[in-house]
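Participant: Just dropping this structure here.
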Amino acid sequence: MNPDVLLNRIRLEQRGLIDIHKKLYEMEHLLPAPDPMQFAKTAESAALLSEKSTARLRNMFFSVSNEPPIYYYPKAAEVQGIRVWASDNYLRVLLPALLPDKKKRDGCKFLLLPLQAALVQSGPLPHFSDCVICVEHIYDHNLPIKAVRDYDNLELKAVIDVIATFCLTDDTGA
């Protein structure tokens, strides 16, 4: 890759990280008694900037590396804390607290591809012709009630669809 193009991409990422740092600094200075709405808005802004940066850094890595993404995503799953446990009768999947927003294009790359890699690496998985899917959202009890997201069915469906490709004989519901 052209060194000038790489330098521009690196500088773009540096500016993005500076923007994240500014948001964290802003959050720090809202303490010790922050307005909950302002603090949440600033935290969301920092998180979204971070998501954007992560997606761009991954793409930059893929453009300069000879390592195919198939080798990267298991590492991403490990870093994100994605875990898979299986036996003959059940499958348990642990995901980070935030599911990808259905409106964000990079949500798939952020969580679903590492989830897929974790399922591949977990070894043999059970196959179900029928099953019950239980979803448990665990939140920190110290967080305000506003921090508890009402996940849209489409956000959860994307995760279930990835799991279904590995474990369900037929997921039509018929």
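The values are calculated or read from the model by the stated rules, or taken from the named source; none is laboratory data. Since this is a predicted model, take the numbers as computed values, not measurements. Cβ: placed from backbone, ideal geometry, glycine included. Neighbour counts: every protein chain shown.
Participant: Can you name every residue in region 66-85 that is at pLDDT 90 or above and not in a loop (DSSP other than H, G, I, E, B)?
Facilitator: Scanning region 66-85 gives Y71, Y72, Y73, P74, K75, A76, A77, E78, V79, R83, V84, W85.
Participant: So which pairs qualify, if the first residue must be in region 62-77 and of a type in the set (A, V, I, L, M), the second must be not in a helix (DSSP H, G or I), the Cβ gap must be under 7 Å, and the two must be at least 6 apart or on different chains?
Facilitator: Here the result reads V64/M1, each pair linking region 62-77 to a residue that is not in a helix (DSSP H, G or I).
Participant: Check off (1) out of contact with any Cys (no Cβ under 8 Å at 6 or more places or on another chain); (2) modelled with pLDDT of 80 or more; (3) loosely packed, with under 14 Cβ neighbours inside 10 Å for L113 and give me the number that stays unchecked.
Facilitator: All conditions are met except number (3).
Participant: Can you name the number of the only condition in (1) part of a helix (DSSP H, G or I); (2) out of contact with any helix residue (DSSP H, G or I) (no Cβ under 6 Å at 6 or more places or on another chain); (3) assigned by TED's automatic domain parsing to the domain that holds P144 that K52 fails?
Facilitator: Every listed condition holds for K52 apart from (3).
Participant: I would also like to ask the following. If I filter region 131-148 for residues that are of a type outside the set (A, V, I, L, M), touching a Phe, Trp or Tyr at 6+ places or on another chain (Cβ under 7 Å) and either modelled with pLDDT of 80 or more or outside the structural domain of V84 (by TED's automatic domain parsing) (or both), do I get at least one hit?
Facilitator: No, because not a single residue in region 131-148 is of a type outside the set (A, V, I, L, M), touching a Phe, Trp or Tyr at 6+ places or on another chain (Cβ under 7 Å) and either modelled with pLDDT of 80 or more or outside the structural domain of V84 (by TED's automatic domain parsing) (or both).
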